[in-house]
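Comments concern the structure below.
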Amino acid sequence: MARRTLVFAALLAALAAAVVASLALGAVKVPFSEVIDVLLGNGSGGPEQQIVETLRLPRTVEALVVGAALGIAGAILQGALANPLASPDVIGVTGGAGFGAILIIIAFPGSIALLPVGALFFGLLAAALVFAFAWSGANRGSVGKVILAGIAVLSLFTAATTGLLAAYPERAPSAIFFIAGGLTSSGWDEMQTIWPYFAAGFACALLLIRPLDRLALGDDVAASLGSRPHLIRLGAAVSAALLAAASAAIAGLLGFLGLVVPHVVRMAGGTSSHTFVVPASAIGGAALLAAGDTLARTLRAPIEMPVGPFMVVLGVPLFLWLLRKAV
Amino acid sequence: MRRFIRRMREQSTPLAALLLVALLCPPSAAQAAPPKRIVALTPFGANTLVKLGVEPVGISQTLGGQERFSPKLEDVEVLPLSHPNGPNLEQLAALDPDLVLSSPTWAKGNDSMGDLGIRVLVREPRNVNSSFAQTLAIGGLVGKRSQAERLVKAMKKDVAKARRGIERRPTVMLILGVGRTPFTFLPNSWGGDLVTKAGGRLLTGGVESSSGFERISDEVVVAEDPDVIVAVPHANEDDIPSLTEYLRTNPAWATTSAVRGGRIHISVDNSLLQAGTEVARTIRKVRRVYLEN
């Protein structure tokens with residue numbers, strides 16, 4: 001118990017540090033006192049206030065929400081499918097969202113405002129296809145069937161995305177940031193459109209915490225305790241699909257986070273209990289994305305780089321260290 | 001007999017010297033016969049050839065539509081391009097070219113063309129001055145050096161005329177692509193150089209990059225406050241209203257002078273993206289339509 005508390009405290013400290021850094025650092029130097037004043041509503045006006053209020057604050061909030069969403073999506077999928085390699089990729093969401101966004105960027109640049117909606121729609125469509133195939137016919141809802149259907153749908157959408165990029169190579173640069181994953185400074189606009197999907201995904205995940213713990217005992221034991229394993233698995237997949245598709249709509253393709261963060265918190269906390277893993281993954285994911293985004297926009301400032309590689313740089317050493325200790 | 005031998009010796013010395021010179025100094029490129037069958041994979045290369053009175057046997061698909069090509073190229077075969085190889089090698093080889101004027105964009109394809117034994121020269125200027133130098137180079141290649149010199153003289157005169165009377169130097173953010181993460185043109189890009197020549201001051205945040213493009217922070221955009229935003233989105237004319245609205249409503253740029261003053265422009269002909277021979281005309285358009293200076 002003390003170990004879990006310690007890990008929670010460390011994660012919260014990391015989150016606080018990441019939030020402070022995200023608000024205080026950027027391409028333009030804004031005094032920290034001014035940042036505090038703006039956050040307290042006492043800004044002096046002018047570009048500095050706008051930078052903190054319109055650019056950094058919404059971006060920090062997006063990083064926290066998307067990071068938490070991907071952390072939770074990975075945690076509940078790994079629990080529901082009892083597979084350490086499960087992540088939003090496995091249920092096709094990432095491939096579908098990527099295709100939806102690239103389709104808008106490349107084939108319909110005039111409708112670029114629909115990019116988040118396109119990513120969300122195709123992400124959920126891909127997940128729906130996976131569910132339709134995995135929950136029909138023999139062995140419906142089995143772990144193997146879900147994973148295989150997911151890989152097939154992911155391949156389908158990845159091929160379509162590659163085809164689009166090859167057909168319109170001159171338009172590919174606009175798609176780089178989406179593919180590599182990155183947050184933008186687009187204020188609250190995108191969040192205003194996408195937040196209901198995050199809310200539904202978070203609520204669903206919250207309800208699944210205890211059922212997932214029962215499922216971890218095995219399908220037969222879970223069923224004997226009154227749970228319905230296939231329904232829990234479907235609920236987890238739907239929740240993960242909502243969270244991952246909404247995240248892709250905001251921040252592009254950041255599959256790594258959903259895969260690694262739950263493992264890190266599981267190993268650090270020494271437990272697989274979802275009561276611990278789900279909230280800890282949310283905090284860890286939020287901290288990792290906020291820190292990665294701050295690095296991506298300050299390391300070569302004023303040039304902005306995609307955040308995906310920075311999360312890998314931050315997350316992989318910790319993951320490998322914990323993995324070595326666990327083995 | 002002795003007299004005959006002496007005369008032969010006297011005459012053979014210069015002959016031998018001539019033979020030696022001929023062996024040691026093969027004909028230079030300039031002396032070699034100019035290539036007859038030329039394929040131009042850029043609008044700049046194709047239009048320069050036409051202006052020099054040479055008709056290429058093939059031209060390429062181009063960004064921004066075929067209207068960027070001279071009307072004299074209407075009947076010339078057009079080769080489709082794909083990234084990063086450029087033209088289909090079988091279609092190219094079927095044209096049996098002596099020379100291909102290519103672009104760095106097709107770097108991988110250029111090597112493959114070379115492997116086929118085709119002479120490939122990269123001729124795609126990144127700034128106005130290099131367009132003059134490359135025009136002269138193409139003129140030399142096709143044996144039209146004096147025409148090229150006249151053409152460059154006329155181009156320089158026209159450019160100087162197009163730049164005359166610049167009164168204001170607005171800050172211009174010139175962006176490539178669509179979405180909330182566009183790339184910014186830097187001064188060492190074709191479009192960046194044209195906007196600078198037209199009197200604009202490019203918003204770059206002090207960034208330098210060999211590629212000529214970088215994604216820069218919106219914080220810099222707010223701090224440097226562009227007077228004009230020009231976007232090159234790889235889109236069609238029909239998309240201009242929706243793209244203008246999309247840029248206008250970007251919350252990150254809402255307080256810039258460009259957005260508040262309604263000075264957001266979309267350039268879909270790609271004359272700012274890929275070099276062409278219409279340098280002075282483009283500078284005039286940039287001044288008249290975008291910079292209003």
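To the nearest 10 degrees, how steeply does helix B:145-163 sit against the main Cα axis of chain B, on a 0 to 90 scale?
With both axes taken from Cα atoms, the answer is about 20 degrees.
How do the peptides B:206-219, A:299-312, A:280-293, B:33-46 rank, highest first, by the average count of neighbouring beta carbon atoms within 10 Å per residue?
A:280-293, B:33-46, A:299-312, B:206-219
If you put +1 on each Lys and Arg Cβ and -1 on each Asp and Glu Cβ, how big is the dipole of the range B:38-162 around its Cα centre, in Debye rounded to 20? Before the final figure, lay out the partial values.
Numbers: 14 positive and 13 negative charges, 180 e Å.
Once rounded to the nearest 20, the dipole reads 860 debye.
In cubic angstrom, how much convex hull volume per residue do the alpha carbon atoms of the range A:162-250 span? Don't skip to the end; give the middle numbers.
Details: hull volume 11.8 nm³, N = 89.
Convex hull of Cα atoms, per residue: 132 Å³.
Using the per-residue mean of other Cβ atoms lying within 10 Å as a proxy for protection, in what order, highest first, do the peptides B:80-88, A:256-264 fall?
Values: B:80-88: 17.1, A:256-264: 26.9.
In decreasing order of mean packing, B:80-88, A:256-264 become A:256-264, B:80-88.
Quick one: Cα convex hull volume of chain B, Å³ per residue? Numbers along the way, then the final one.
On the way: hull volume 50.6 nm³, N = 293.
Considering the Cα atoms of chain B, their hull volume per residue is 173 Å³.
Hey, could you pull the Cα Rg and Dmax for the range B:38-162, both in Å?
In Å, with Rg to one decimal and Dmax whole: 14.1, 45.
Shielding by partners for A:170-179, please: the mean number of other protein chain Cβ atoms within 10 Å of each residue's Cβ.
6
Note the angle between two axes, namely the Cα long axis of helix B:2-24 and the longest principal axis of the Cα atoms of chain B, as a number of degrees from 0 to 90, rounded to the nearest 10.
20 degrees
Using a 7 Å offset from the Cα along the Cα-to-Cβ direction at both B:THR255 and B:ALA93, what is the distance between the two label points in nm, to one decimal?
6.2 nm
Per-residue Cβ counts within 10 Å, from other chains only, averaged over A:162-169: what number is that?
Values: counts 0, 0, 0, 1, 2, 2, 2, 6.
Whole-number average of other-chain Cβ neighbours for A:162-169 is 2.
Averaged across the residues of A:145-154, what count of C-beta atoms belonging to other chains lies within 10 Å of each residue's C-beta? Intermediate results must be reported in sequence, preceding the final value.
Numbers: counts 0, 0, 0, 0, 0, 0, 0, 0, 0, 0.
So the per-residue partner count for this stretch is 0.
Run lengths n ≥ 4 of DSSP H only: what is the helix-derived mean residue ellipticity at 222 nm for chain B, with -39500 (n - 2.57) per run over all residues, to the nearest 500?
Numbers: 11 runs with 115 residues, N = 293.
Only helices count here, giving -11500 deg cm²/dmol.
Working from the alpha-carbon coordinates of the protein assembly as shown, get Rg over Rh, Rh being the Kirkwood radius. Display every interim value, and only then the final one.
On the way: Rg = 30.7 Å, Rh = 27.6 Å.
My calculation puts Rg/Rh at 1.11.
In nm, give the distance between the simple-model label positions of B:ALA137 and A:VAL61, each being 7 Å from the Cα along the Cα-to-Cβ direction.
5.3 nm
Mind checking the log10 I(q)/I(0) for chain A at q = 0.13 Å⁻¹? Debye, one equal scatterer per Cα, no solvent, two decimals.
Evaluating at q = 0.13 Å⁻¹ gives log10 I(q)/I(0) of -0.94.
Take the residue pairs B:LYS157/B:LYS285; B:LYS51/B:LYS285; B:LYS144/B:LYS285 and return only those whose Cα atoms are more than 19 Å apart.
On the way: B:LYS157/B:LYS285 17 Å; B:LYS51/B:LYS285 22 Å; B:LYS144/B:LYS285 30 Å.
The answer is B:LYS51/B:LYS285; B:LYS144/B:LYS285.
When you count, for each residue, the other Cβ atoms within 10 Å and take the mean per peptide, how do B:95-104, A:179-188 rank with the highest first?
Output ranking for B:95-104, A:179-188: A:179-188, B:95-104.
Run the reach check for B:LYS161 against aspartates and glutamates, Cα to Cα strictly under 20 Å, same-chain hits fewer than 8 apart removed. What comes back?
Hits, sequence-local ones excluded: B:GLU149, B:ASP193, B:GLU278, B:GLU292.
If a/c stays under 1.5 just call it rounded; otherwise compare a/b with b/c (prolate if a/b is bigger, oblate if not). Do that for the range B:171-291, with a ≥ b ≥ c from the square roots of the Cα gyration tensor eigenvalues. Could the numbers behind the result be given before it?
On the way: a/c = 1.44, a/b = 1.17, b/c = 1.24.
Judged from the Cα gyration tensor, the range B:171-291 comes out rounded (a/c under 1.5).
Please tell me the relative contact order of chain B in percent, rounded to the nearest whole number, where contacts are Cα pairs under 8 Å and at least six residues apart.
Result for chain B is 17 percent.
Gain in length, A:ASP37 to A:ALA132, computed as 0.36 nm per residue apart minus the alpha-carbon separation, to one decimal in nm? Can you show the working numbers first?
Numbers: separation 95, 0.36 × 95 = 34.20 nm, distance 5.20 nm.
Result: 29.0 nm gained on full extension.
Helix A:57-81 against the longest principal axis of chain A: what's the angle in degrees, Cα atoms only, rounded to the nearest 10?
10 degrees
Just so you know, all these numbers are worked out from the coordinates, no wet-lab data involved. All values reported here derive from a predicted model rather than from experimental measurement. Ideal geometry is used to build each Cβ from the backbone, glycine not excepted, and the neighbour counts take in all protein chains shown.
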